[in-house]
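The values are calculated or read from the model by the stated rules, or taken from the named source; none is laboratory data. This is a predicted model, so every value here is computed, not measured. Every residue, glycine among them, receives a Cβ derived from its backbone with ideal geometry; neighbour counts consider all protein chains shown. Keep in mind that these areas ignore ligands, DNA and RNA; they rest on the heavy atoms of the full protein, side chains included. Shrake-Rupley method; radii C 1.70, N 1.55, O 1.52, S 1.80 Å.
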Amino acid sequence: MRLYAAVALSGFKRYATYRVATVAGVFTNTVFGFIVAYTYAALWDERPHLGGYDLSQALTFVWLGQALLATVALFGGGFQDELQGRIRSGDIAVDLYRPVDLQLWWLASDLGRAAFQLVGRGIVPMVCGAVAFELTLPGSPLTWLWFLLSVVLAVCVGFAVRYLVALAAFWLLDGTGLSLMSGLLCMFFSGMVLPLNVFPGRLGEIAGALPWAAMLQVPADVFLGHRHGAAVPGALAFQAGWAAVLFAAGRALQSVATRKVVVQGG
């Protein structure tokens, strides 16, 4: 465990060195936050309490999305691009010979990245949103604790999805198309475009049961109090369940890839 903790710390420090990129990311998240917030304000002015949210909760959802966009890597990226590159070049063979678990190594690195992105790119946009708009913030420290735990689980689910996509590079010469498709699905079904509560009928039910919902919609509902009391453990169990399923799928796909596929380039 000390090894993986060191890997996570290394991931945190690695992203902390890109100060200009972090400032640019904060600026971008904040600007887009204002654009989306005013769009939501117009929509909720026409349809008050849409999806069970009042205007303040809807605006809070917007800024939570901007705060978690890089943290959970809803667009993709992070370790995914690096792992795909190592598979294409054949450097993955070196990784497989190391006396460490490949999946846990990349998970630890991604947790370090997510921790930095939450602090470096998540707090400032959220503060800007709170200054400019009336947001719904938790009044109980316990709610904040549940929310942070939910964010950790969201990062784990996001990692597991991207790990599966990255492993596809064992079979694909270029995984860019699959990565873009995965990013688009994540943006739509996580609630980044619109809260899943707004989706009509069966589409909303299906979207709420998919793993992408665990990446933004569930943490946001915990933060906003839509999941409270006895419903909170159920929400966290939903996230943990999808994380376990996707981790197992990644483990199985990794086993198939490393046994049956010749590493490209080596």
Members of the stretch 119-144 found to be open to solvent by 50 Å² or more (accessible area, probe 1.4 Å), part of a helix (DSSP H, G or I) and out of contact with any Ser or Thr (no Cβ under 8 Å at 6 or more places or on another chain), listed by number: Val119, Ile123, Val127, Val131, Ala132, Pro141, Leu142, Trp144
Residues within the stretch 35-55 that are open to solvent by less than 60 Å² (accessible area, probe 1.4 Å) and under 16 Å from Pro125 (Cα atoms), tallied: 2
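In the stretch 183-208, what residues are open to solvent by less than 20 Å² (accessible area, probe 1.4 Å) and assigned to a helix (DSSP H, G or I)?
Let us first name the residues in the stretch 183-208 that are open to solvent by less than 20 Å² (accessible area, probe 1.4 Å), namely 183, 186, 190-191, 195-196, 204, 207.
Gly183, Cys186, Leu196, Gly204, Ala207, listed by residue number.
Here is a yes/no grid of residues against (1) open to solvent by less than 30 Å² (accessible area, probe 1.4 Å); (2) closer than 24 Å to Pro233 by Cβ; (3) out of contact with any Lys or Arg (no Cβ under 9 Å at 6 or more places or on another chain):
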{"position": "Val100", "(1), (2), (3)": "no, no, yes"}
{"position": "Ala108", "(1), (2), (3)": "yes, no, yes"}
{"position": "Gln117", "(1), (2), (3)": "yes, no, yes"}
{"position": "Trp146", "(1), (2), (3)": "no, yes, no"}
{"position": "Val152", "(1), (2), (3)": "no, yes, yes"}
{"position": "Leu164", "(1), (2), (3)": "no, no, yes"}
{"position": "Asp174", "(1), (2), (3)": "no, no, no"}
Residue ranges of helices (runs of 4 or more DSSP H) in the stretch 1-95 with at least 1 members touching a Cys at 6+ places or on another chain (Cβ under 6 Å) and touching a residue at least 24 places away in the same chain (Cβ under 8 Å): 19-46
Single unsatisfied condition, Gly77 versus (1) exposed (fewer than 15 other Cβ atoms within 10 Å of the Cβ); (2) more than 16 Å from the chain's Cα centre (by Cα): (2)
Subset of the stretch 209-220 [crowded, with 19+ Cβ neighbours inside 10 Å and part of a helix (DSSP H, G or I)]: Pro211, Trp212, Ala213, Ala214, Met215, Gln217, Val218, Pro219, Ala220
Unique residue being in a helix (DSSP H, G or I), modelled with pLDDT under 95 and crowded, with 19+ Cβ neighbours inside 10 Å when the list is Ala169, Ala160: Ala169
Selected residue (only one of Leu178, Leu153 is in contact (Cβ under 8 Å) with a residue 12 or more places away in the chain, assigned to a helix (DSSP H, G or I) and within 23 Å of Gly85 (Cβ to Cβ)): Leu178
Any hit, the stretch 50-62, residues being charged (D, E, K, R), more than 27 Å from His226 (Cβ to Cβ) and out of contact with any Asp or Glu (no Cβ under 6 Å at 6 or more places or on another chain): no
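A quick yes/no check of all residues on (1) touching a strand residue (DSSP E or B) at 6+ places or on another chain (Cβ under 6 Å); (2) without any contact (Cβ under 8 Å) to a residue 60 or more places away in the chain; (3) of a type in the set (A, V, I, L, M):
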{"residue": "Ile123", "(1), (2), (3)": "no, yes, yes"}
{"residue": "Ser182", "(1), (2), (3)": "no, no, no"}
{"residue": "Val193", "(1), (2), (3)": "no, yes, yes"}
{"residue": "Arg202", "(1), (2), (3)": "no, yes, no"}
{"residue": "Ala220", "(1), (2), (3)": "no, no, yes"}
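Yes/no matrix, rows are residues, columns are (1) out of contact with any Gly (no Cβ under 6 Å at 6 or more places or on another chain); (2) modelled with pLDDT under 95; (3) among the hydroxyl-bearing types (Ser, Thr, Tyr):
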| site | (1), (2), (3) |
| --- | --- |
| Thr39 | yes, no, yes |
| Arg47 | yes, yes, no |
| Gly77 | yes, yes, no |
| Asp81 | yes, yes, no |
| Ser89 | no, yes, yes |
| Trp105 | yes, yes, no |
Test: residue in the stretch 81-94 that is surrounded by fewer than 21 Cβ atoms within 10 Å (Cβ to Cβ), closer than 30 Å to Ala220 by Cβ and not aliphatic (A, V, I, L, M): yes
Residue in the stretch 227-236 that is farther than 25 Å from Gly122 by Cα, surrounded by fewer than 18 Cβ atoms within 10 Å (Cβ to Cβ), in contact (Cβ under 8 Å) with a residue 24 or more places away in the chain and small (Gly, Ala, Ser) present: no
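Given Val245, Val256, which one is modelled with pLDDT of 95 or more and open to solvent by 40 Å² or more (accessible area, probe 1.4 Å)?
Numbers: Val256 fails: modelled with pLDDT of 95 or more.
When all the criteria are applied, what remains is Val245.
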